[in-house]
1. Given the residues A:Ala102, A:Ala76, A:Ala89, which is the only one that is touching a residue at least 24 places away in the same chain (Cβ under 8 Å) and facing chain B (nearest Cβ under 9 Å)?
2. So which strands (runs of 3 or more DSSP E) are wholly in segment B:177-271 and hold at least 2 residues that are open to solvent by less than 50 Å² (accessible area, probe 1.4 Å) and polar (S, T, N, Q)?
3. Quick one: what pairs do we get from segment B:228-249, first residue within 10 Å of B:Leu157 (Cβ to Cβ), second not in a strand (DSSP E or B), C-beta under 7 Å, 6+ apart or different chains?
4. Restricting attention to segment A:10-46, which residues are in a helix (DSSP H, G or I) and open to solvent by 10 Å² or more (accessible area, probe 1.4 Å)?
5. Testing B:Met48 on (1) open to solvent by less than 60 Å² (accessible area, probe 1.4 Å); (2) at the interface with another protein chain (Cβ under 8 Å from one of its Cβ atoms); (3) within 21 Å of B:Ala121 (Cα to Cα), one condition comes back false. Which one is that?
6. Where residues in segment A:87-111 are surrounded by fewer than 19 Cβ atoms within 10 Å (Cβ to Cβ) and aromatic (Phe, Trp, Tyr), which of them is nearest to the chain's Cα centre (by Cα)?
Amino acid sequence: MSRLFLPSLVTVMFLLESIIVQLFSQPLFDVYLLVPRMLLVLIVFITIFIGQTEGMTYGFIFGLLYDVAYTELLGAYAFAFSLIAYLIAKAMNVLHKNAWTASFFAIVAIACVEWYAYAIQLVIGGTTMSVQTFFQARFLPTLFIHTIVILIIAYLLKQTLLKWHEKRDESSPV
Amino acid sequence: MPKFFLNKRLIILLVSIMVLVALIGFSLKERNELSWMEKFVKDTVVFMQSIVHKPAQFVAGFFENVNDLRHTYEENKRLKEHLEQYVLLQSEVESLKKENERLRELLNKKESLRDFVAIQATVIGRNPDRWEETLIVNKGSQHGVKKDMAVITPQGLIGKVRSVSPFSATVQLLSAKDRQNRISAFIQGDENVFGLIEGYDEEREALLLKRIPYDAKIEKGQRVFTSGLGGIFPKGLFIGEVEEVVADEYGLTQIAYIKPAANFYDIDDVIIVKRKIEMSQEEEGQ
């Protein structure tokens, strides 16, 4: 695995989020709005299995790209992603690193970011969606689908990241 | 010592929150142009996206095709019926067009608010955070796209250009919440009724056509078009049909709920509309 593996994985995930939403833009059953947050899941896993610095750097850079390229609300996701990477790195100081804790934190992170984004939209007047509608039509379905996806890929993703991390350390002993 | 570090972290957190608030305030401001950094990032992302988009669309297209096949028979029957009507309509349009041209020549009026140049664009992305409904298309200022131009699909108007970079543009859909998103429109009838499209009702999935005179008689099912009076949009772009008319809160004007003709989801190709008659004042102002 080359050194560029991780950056390209994150980049592809970043690009796919927008493309997936474009290709499947119709709300599920005309009600449920699914928001892809796989980039965030990836950032959480990087923070846990590779390191705090990497997690925060990827979080900040791709959060900023997300802001500039997609939402045009500068700083919102850059701040959220790097803060989440920081907090998770601190929490991992006392917890075991395994696929279960990583999955748990990824789901918690998605929940936090969803509420955070909703709060910002409410403050700037970007939406008039009621809390109840948000909870039922956006929050729960998004969380549900991501829980399934995370449980499927968690182990594989963990192994991939650890393997890449080892390889990188071998090639450049510091 | 630990307390000192704790304070340092707190200060960093506070500073970054302040920067965050300032940045959000900055991006909410009405800007005529993006900074060169944003343009560069957008174009780079769009370039990479168009590479990934092709195979992704291919896979998605396959499932769509399978789905389409299931409805082919019924659709074919319906389309054949349409086709017969279409021939009639076309001959009528041709004769009207010729008559229109002749009359225009008589009046010596060459340009009309209806004339526009179409810029074809492909949608290659959508705002993934799904709060503000925006599309990313692959045509930019190099292709003649400018801010605030109308964007349509064959079914009707879908939105306007929000920001432009050299090789890409962001399209804001009509369903996005934006108070500055005003479109001058009219309801077609024996007597055309003018109003402004302001806002979108998320629950009814209908556009709000406001400031209609209180004595105007509007019926359900009447068609709504852009009026071309707003400055940048051409005249006669189809928006949708009237669903319901209610009096506004003071009873001075009426509000019509408009069912948009275009589907705001599943948009693959769009047409960016450039009006032939430019606003002279605006051109001078730039």
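The values are calculated or read from the model by the stated rules, or taken from the named source; none is laboratory data. Bear in mind the structure is a predicted one, so any value in this text is a computation, not a measurement. Glycine gets a Cβ as well: all are built from the backbone with ideal geometry, and neighbour counts include every protein chain shown. Heads up: the accessible areas ignore ligands, DNA and RNA and are worked out on the full protein's heavy atoms, side chains in. Shrake-Rupley method; radii C 1.70, N 1.55, O 1.52, S 1.80 Å.
1. Answer to the selection: A:Ala76.
2. Correct list: B:253-260.
3. Partner pairs satisfying both residue conditions: B:Phe238/B:Ala261; B:Ile239/B:Ala261; B:Gly240/B:Ala261.
4. A:Thr11, A:Val12, A:Met13, A:Leu16, A:Ile20, A:Leu23, A:Met38
5. Condition (1) is where B:Met48 drops out.
6. A:Phe104
Rundown of residues vs (1) surrounded by fewer than 13 Cβ atoms within 10 Å (Cβ to Cβ); (2) modelled with pLDDT of 80 or more; (3) touching a helix residue (DSSP H, G or I) at 6+ places or on another chain (Cβ under 9 Å); (4) assigned to a helix (DSSP H, G or I), yes/no style:
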| residue | (1), (2), (3), (4) |
| --- | --- |
| A:Thr133 | no, yes, no, yes |
| A:Pro141 | no, yes, no, yes |
| A:His146 | no, yes, yes, yes |
| A:Arg168 | no, no, yes, yes |
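Yes/no per residue for (1) modelled with pLDDT of 85 or more; (2) at the interface with chain A (Cβ under 10 Å from one of its Cβ atoms):
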position: B:Phe58; (1), (2): no, no
position: B:Glu64; (1), (2): no, yes
position: B:Lys77; (1), (2): yes, no
position: B:Glu92; (1), (2): yes, no
